[in-house]
């Protein structure tokens, strides 16, 4: 089992790195890196414990979680209208 545990940790690390790189490459830096890092780990570790071991699935789930966090931050940011529908953006202009 030690090799299996090591394989799981390595898969989690690679999935984390992949999701992290894709999130920050997209330019959606509306969530602080500390919060995003913690939230990404909070999403991936339970998935792994539930039996999800496919790196691609983990990375996609992590990226989706980060994007949802970013969207939520934009939605509640009074200085940003990027998360609003086009009609609402026009009324702010």
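The values are calculated or read from the model by the stated rules, or taken from the named source; none is laboratory data. Keep in mind it's a predicted model, so treat the numbers as computed, not measured. Ideal geometry is used to build each Cβ from the backbone, glycine not excepted, and the neighbour counts take in all protein chains shown.
Has segment 69-85 got at least one residue that is surrounded by fewer than 16 Cβ atoms within 10 Å (Cβ to Cβ), part of a helix (DSSP H, G or I) and at pLDDT 80 or above?
Looking through segment 69-85, none of the residues is surrounded by fewer than 16 Cβ atoms within 10 Å (Cβ to Cβ), part of a helix (DSSP H, G or I) and at pLDDT 80 or above.
Read through the list (1) more than 12 Å from residue 20 (Cα to Cα); (2) in contact with a helix residue (DSSP H, G or I) (Cβ under 7 Å, 6 or more places away or on another chain), then give the number of the only condition that residue 50 fails.
Going through the list (1) more than 12 Å from residue 20 (Cα to Cα); (2) in contact with a helix residue (DSSP H, G or I) (Cβ under 7 Å, 6 or more places away or on another chain), residue 50 breaks only (2).
I need the full set of residues from segment 21-55 which are in a helix (DSSP H, G or I) and touching a residue at least 24 places away in the same chain (Cβ under 8 Å), in order please.
Within segment 21-55, 22, 23, 35, 36, 39, 40, 41, 44, 45, 48, 55 meet the criteria.
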